[in-house]
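Report on one structure; see the data block that follows.
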Amino acid sequence: MNFIEVLEELLSSLANLVPSILSSVAILVVGYLVGRLTGRAVVGAARLLKLDEGFEASEVGKRLSTAGYPLSRILSILVRTSIYTVTVLAALSLLKIPVVQELSTMIAGYIPRFVGSIIVFLLGIVIVEWLASLIGGLARERALPERVADLAVVGLRYFMYLAVVFMTFEIADIAPRVVSSVAQAVFLALALGVSLALALLIGVGLRNEAPILLFNEPRDLRVGMIVEVGSFRGRVRRISALLVEIEDGKGTVAVVPKKLFIDKGYRILESEAENTN
């Protein structure tokens, strides 16, 4: 085979590829335009639904928003990246290269799972924070003690975050059997831990202190008040979880257990507001 024949064969191959190359270029241009328009539409929809505000309520969302990546921008990047990737794979598949076609099929099949898992995680953060705020507000409106409401909201928030994380791994199909086993172990450990803590708190050694720790009794006690409880009388200087520091007129500080306030009762001789006036 001489040089002329090799050149003719090369030109013939290129001529056969020209339609595919032109089609690939057209697909790339259309995919780029569609990605840009879809990204802008996603940003507009996210801002219209005020998803950025809910995302910033979480610690992760606050840090990402401060770095210049609010939820609307992250969703736009994810959508545009997925569209661009599918476009590139579609353009390469037109060249009819067997290895590239097989690889394109594998990547195109996994992209929806990967992008969907990230979107579920980000939207899950927004939903968790919204539900936590809603439940916290309802708990306080029902006159639940503030400490109990805060503990319930914190526990529910972390429980929902764990559920969101496990859902994300499940959708992304990342070691599904391992994730399922870990999720069962974590939730079982949480249930046993909460049950054991309540049993120890109420049934073993802190039965009398449980109302103090859970319901923040006595609720109306404030720093700066002048109170009388048992043989103690003075101004409240400090309040901890189980103890109250009272300073009498001579400057002597006495540490009084909160349990004494509940068992013996107490009188408020001068409130904090009267003291400031």
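Of note:
- Listed by position, the helices (runs of 4 or more DSSP H) contained in segment 1-95 that have at least 3 residues being more than 25 Å from Arg157 (Cα to Cα) and at pLDDT 80 or above are 3-48, 71-93.
- Exactly one residue among Gly68, Gly39, Gly31, Gly109 is more than 20 Å from the chain's Cα centre (by Cα) and farther than 28 Å from Ile174 by Cα, and that residue is Gly31.
- Comparison of Val178, Val186, Val148 shows that the only residue that is within 24 Å of Gly116 (Cβ to Cβ), at pLDDT below 80, in contact with a Leu (Cβ under 8 Å, 6 or more places away or on another chain) and not assigned by TED's automatic domain parsing to the domain that holds Gly109 is Val186.
- Sub-6 Å Cβ pairs linking a first residue in segment 238-257 that is acidic (Asp, Glu) to a second residue that is surrounded by 15 or more Cβ atoms within 10 Å (Cβ to Cβ), at least 6 apart or interchain, are Glu247/Gly234; Glu247/Arg235; Asp248/Gly234, ordered by first then second residue.
The values are calculated or read from the model by the stated rules, or taken from the named source; none is laboratory data. These numbers come from a predicted model, not from an experiment. Cβ sites come from the backbone with ideal geometry, for glycine too, and all protein chains shown count toward neighbours.
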